[in-house]
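The next block holds one structure in the form of structure tokens; read it before the comments.
The values are calculated or read from the model by the stated rules, or taken from the named source; none is laboratory data. What you are looking at is a predicted structure, and each value in this text was computed from that prediction instead of being measured. Cβ placement follows ideal geometry from the backbone for every residue including glycine, while neighbour counts extend to all protein chains displayed.
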């Protein structure tokens, strides 16, 4: 774990900004905890991959994005959807497979989309979103609209062949795409050192001339700063950029993962020493940007949003049986 | 206010489990993320974390208890100063189960009742172009290029991508001249990486473009099939109708000549199986042109299966402003009364030759070109079988799970009473394609075999 640096660049980060990050990260965490609870109650079925621990990655990068920029990710996607402004109720109702879900209950946890928020999924096949993301950037370049695409994938997907096919074409065609490698150190249950011959994934673009850097993914401010640099590179027409964001997943790979491949102490240590939400909370308090009461009010507000989302996801009816046969062809 | 902790479902299939071990005891304060207990599921032993904060007021299920049903209250969490007894009496224990998931699969899938003798199905017999349209002899190659070029002139979002499509002018010269007309922004050479460029093309379709992806042959599309099926065909459904994928995957399919096993496979039956895809496999140049124009305009992903041997063959192509042939409409090439022969793509060559020879023997064969396999114009086939009472299907692909076996099963279910003989499905042989010329000939379907099949079903 590299995320031991707890210093902050608080001097040039406003109180409002910090509070915004705190709120956004807390929303993801509380949402995911609730999703885990609903899964335990049998209200969510199948696969459900929680984002707890990785919140700073997506919140930091969303802070670097502009309206119209696109994002695409894998199946661990709830955090990305909440961070780009998709309705928590619609996300949760998709998890419960209800009519009010963002895919009308037909996609589930791993397959959600929002044209309005420029969120292009939610993809269940490891690595598939990487060329798809470069394709979104291809369209942006073709249309000359100045947009960039954040293409998220994990340390596991980073070993997929299609990733390198994509790096080659993205560099060749100077596509405005940021490859965000969320390195949470475990590809399902396989530790990075057991699956990956060269540990510095951010250097994997060198062969294609793609610049890359590693980022402390437990520090939302570091992520945002790196994101801004990458965005500027892409928008200037210089082609793709790689960010390897070092992060950590507190929960199992999916809900049915007993997580025997790592010790409880390892998880506990990250939680206690590097938690991204605690870090911002500390900055807010020590910098006198907020009082305990201010933060309690935010906590309460988030809890309310998440409870409402959960209520909606339970109350929304199952999709009409007619839905079985719709949306197969446009 | 007390909170009940319920026995969690910790795998997609868990209905009950063993409460192996409590890691907290009554009176302990817990916060979100603390491990409360170890639970044995049907798959593994899992740690169970707290979601809410509070004090463990009472443990309701002792450790070591087996067969604890999901959603059974296993402990009670109370707040500071709250009495356990008061909480117990207030807790709506019986309600817990009401929050459980609704029983899945309550709606049994509607199995269609067997239909004994249907009324004649509705068939679209309208002509594809005016009968008096002037005709010009064109090759399939020219027809394909004209179709793509016309659609690219009409819509800036359409572009062509693939190996050797631009500077080389197409490995099979289908895109000849297109780089000159449309430039390198819209006619794009790719590296030889089907998986990657198919994914990029699908992503660009999500992003608002209308790609035409040329696979040098469909054999190589197997490297890209995940994007064709999982990314292109399923996204509209998975997104609840929000995000479609207007894309055409095209290229030669099936056996060429003497290129052996890895380069000689017919994928018609593979792609035909996938809901969300449309599949065309035309025979004549006019249909290549009209269907390609439809495919490019279609908002759905289309698999367009061409044939290398047909590329150089000439057919009459109607000279109309906008030749568009709809998907899902078969073409009757030859009317007949004694037997129906159904084929598509290069199979039509054997079907038509056989019909000609059979006419000499006094057997009148009706020959139907399906043109598209998904949607498939089964009404035209069934209508014909109701007249001829006999059916032979012809294709180059392998026998097991063939296009013909699907047609045979549908005809059997929908028009059983009209059949006077078992249906024969003529296919390629059940072997990888050999290289040796004599063996290759044996592996392919032949006109002789079609003639023999027709004689068998007509008892001649």
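In summary, residue B:422 fulfils each of the numbered conditions (1) outside any loop (DSSP other than H, G, I, E, B); (2) more than 17 Å from residue B:259 (Cα to Cα) with the single exception of condition (1). For residue A:41, the conditions (1) within 12 Å of chain B (Cβ to nearest Cβ); (2) in contact (Cβ under 8 Å) with a residue 24 or more places away in the chain all hold with the exception of (2).
Residues considered: B:192, B:212, B:228. Of these, the only one that is in a loop (DSSP other than H, G, I, E, B), closer than 24 Å to residue B:263 by Cβ and within 14 Å of chain A (Cβ to nearest Cβ) is B:192. Yes or no: residue A:161 touching a helix residue (DSSP H, G or I) at 6+ places or on another chain (Cβ under 9 Å) and closer than 16 Å to residue A:126 by Cβ? Spelling it out, residue A:161 is indeed touching a helix residue (DSSP H, G or I) at 6+ places or on another chain (Cβ under 9 Å) and closer than 16 Å to residue A:126 by Cβ.
Here residue A:225 fits the description: under 22 Å from residue A:62 (Cα atoms) and out of contact with any strand residue (DSSP E or B) (no Cβ under 8 Å at 6 or more places or on another chain). Checking the structure you have, find out if any residue of segment A:226-235 is within 26 Å of residue A:171 (Cα to Cα), over 21 Å from the mean Cα position of the chain (by Cα) and within 14 Å of chain B (Cβ to nearest Cβ). Within segment A:226-235, none of the residues are within 26 Å of residue A:171 (Cα to Cα), over 21 Å from the mean Cα position of the chain (by Cα) and within 14 Å of chain B (Cβ to nearest Cβ). Among the residues of segment B:370-382, the ones that are under 14 Å from residue B:331 (Cβ atoms) and either touching a strand residue (DSSP E or B) at 6+ places or on another chain (Cβ under 8 Å) or crowded, with 21+ Cβ neighbours inside 10 Å (or both) come to 8 in all.
Taking the criterion of being within 14 Å of another protein chain (Cβ to nearest Cβ) and either loosely packed, with under 15 Cβ neighbours inside 10 Å or out of contact with any helix residue (DSSP H, G or I) (no Cβ under 6 Å at 6 or more places or on another chain) (or both), the residues of segment A:282-302 that qualify are A:296, A:299, A:300.
Take the conditions farther than 12 Å from residue B:301 by Cβ and more than 9 Å from chain A (Cβ to nearest Cβ) and apply them to residue B:249. Does it pass? When the stated conditions are applied, residue B:249 does not pass them.
Screening segment B:1-77 for strands (runs of 3 or more DSSP E) wholly inside it with 3 or more residues that are within 11 Å of chain A (Cβ to nearest Cβ) returns the ranges B:3-6, B:35-40, B:45-49.
Across segment A:53-90, what is the total count of residues that are surrounded by fewer than 24 Cβ atoms within 10 Å (Cβ to Cβ) and within 13 Å of chain B (Cβ to nearest Cβ)? Within segment A:53-90, residues that are surrounded by fewer than 24 Cβ atoms within 10 Å (Cβ to Cβ) and within 13 Å of chain B (Cβ to nearest Cβ) number 5. Of the residues making up segment A:117-136, just one is over 25 Å from residue A:186 (Cβ atoms), at the interface with chain B (Cβ under 9 Å from one of its Cβ atoms), without any contact (Cβ under 8 Å) to a residue 60 or more places away in the chain and touching a strand residue (DSSP E or B) at 6+ places or on another chain (Cβ under 6 Å), namely A:120. None of A:161, A:105 is out of contact with any strand residue (DSSP E or B) (no Cβ under 8 Å at 6 or more places or on another chain), surrounded by fewer than 24 Cβ atoms within 10 Å (Cβ to Cβ), more than 27 Å from residue A:321 (Cβ to Cβ) and facing chain B (nearest Cβ under 8 Å) except A:161. In summary, helices (runs of 4 or more DSSP H) completely within segment A:185-284 and bearing 1 or more residues that are modelled with pLDDT under 95 occur at A:192-195, A:264-274.
Here is a yes/no grid of residues against (1) farther than 17 Å from residue A:252 by Cα; (2) buried (at least 20 other Cβ atoms within 10 Å of the Cβ); (3) touching a residue at least 60 places away in the same chain (Cβ under 8 Å); (4) in contact with a strand residue (DSSP E or B) (Cβ under 6 Å, 6 or more places away or on another chain):
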{"site": "B:9", "(1), (2), (3), (4)": "no, yes, yes, no"}
{"site": "B:26", "(1), (2), (3), (4)": "yes, no, no, yes"}
{"site": "B:31", "(1), (2), (3), (4)": "yes, no, no, no"}
{"site": "B:45", "(1), (2), (3), (4)": "no, no, no, yes"}
{"site": "B:65", "(1), (2), (3), (4)": "yes, no, no, yes"}
{"site": "B:71", "(1), (2), (3), (4)": "yes, yes, yes, yes"}
{"site": "B:75", "(1), (2), (3), (4)": "yes, yes, yes, yes"}
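Every listed requirement among (1) without any contact (Cβ under 8 Å) to a residue 12 or more places away in the chain; (2) under 20 Å from residue A:101 (Cβ atoms); (3) exposed (fewer than 12 other Cβ atoms within 10 Å of the Cβ) is met by residue A:317 save one, (1). Scanning segment B:183-218 for residues that are over 17 Å from residue B:157 (Cβ atoms) and in contact with a helix residue (DSSP H, G or I) (Cβ under 7 Å, 6 or more places away or on another chain) gives B:190, B:191, B:193, B:194, B:195, B:196, B:197, B:198, B:199, B:215, B:217. When residue B:218 is tested against (1) more than 14 Å from chain A (Cβ to nearest Cβ); (2) touching a strand residue (DSSP E or B) at 6+ places or on another chain (Cβ under 7 Å); (3) without any contact (Cβ under 8 Å) to a residue 60 or more places away in the chain, just one condition goes unmet, and that condition is (3).
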